[in-house]
Amino acid sequence: TGQVRVPPEAYRENLQTFQTLFAQEQIPVLFVTAPTAHGHLGVYEDLIRRQFAADAESVLTWHAAYNEIAREVAGENLVEVAHNIEALETEEIRALVQADGVHPTHAGTEAIARWVCEGVKQVLP
């Protein structure tokens with residue numbers, strides 16, 4: 001069908017709700033952009049075959065749009081992880097993600113954890 005499971009405005013509202021609820025309890029909230037290897041390795045064909053998306057361009061567009069929503073809602077409370085994977089060479093990326101280009105390998109999980117920790121240090125006092 002190629003339809004998004006959570007429409008962009010619902011995603012924005014969800015993030016804003018989290019932000020508001022946690023702020024009421026004085027709990028810091030950090031938003032993390034989602035990394036993907038699709039820009040370097042191509043879009044996993046199963047996403048199209050299984051009709052999660054109409055085409056590869058839709059996958060890239062949706063991913064970028066949802067990360068942009070997270071950036072907008074987060075403001076200063078953002079841990080930018082997506083750009084870390086985008087800055088790597090293709091062979092480095094292959095070691096960090098499974099064949100679908102989204103789910104991390106063990107090494108990818110470690111890299112994401114490291115990037116998040118670095119980001120948290122920059123965002124929190």
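Scanning the range 89-119 for residues that are under 27 Å from R49 (Cβ atoms) and part of a loop (DSSP other than H, G, I, E, B) yields Q98, A99, D100, G101, V102, H103, T105. The residue of the range 79-88 that is surrounded by the most Cβ atoms within 10 Å (Cβ to Cβ), among those that are among the aliphatic types (A, V, I, L, M) and not in a loop (DSSP other than H, G, I, E, B), is I85. Residues in the range 1-52 that are part of a helix (DSSP H, G or I) and under 15 Å from V73 (Cβ atoms): how many? Adding up the residues that qualify gives 16. Within the range 34-50, none of the residues are of a type in the set (K, R) and under 21 Å from N14 (Cα atoms). Of E72, E57, all but one fail to be modelled with pLDDT of 90 or more and within 16 Å of the chain's Cα centre (by Cα); the exception is E72. Restricting attention to the range 55-67, the residues that are surrounded by fewer than 14 Cβ atoms within 10 Å (Cβ to Cβ), closer than 21 Å to A10 by Cβ and of a type outside the set (G, A, S) total 1.
A search for C-beta distances below 9 Å between a residue of the range 50-68 that is on the phi > 0 side of the Ramachandran plot and any residue that is assigned to a loop (DSSP other than H, G, I, E, B), counting only pairs 6+ apart in sequence or on different chains, returns Q51/T1; Q51/G2; Q51/Q3.
The values are calculated or read from the model by the stated rules, or taken from the named source; none is laboratory data. Remember, it's a predicted structure, so these values are computed and weren't measured experimentally. Glycine gets a Cβ as well: all are built from the backbone with ideal geometry, and neighbour counts include every protein chain shown.
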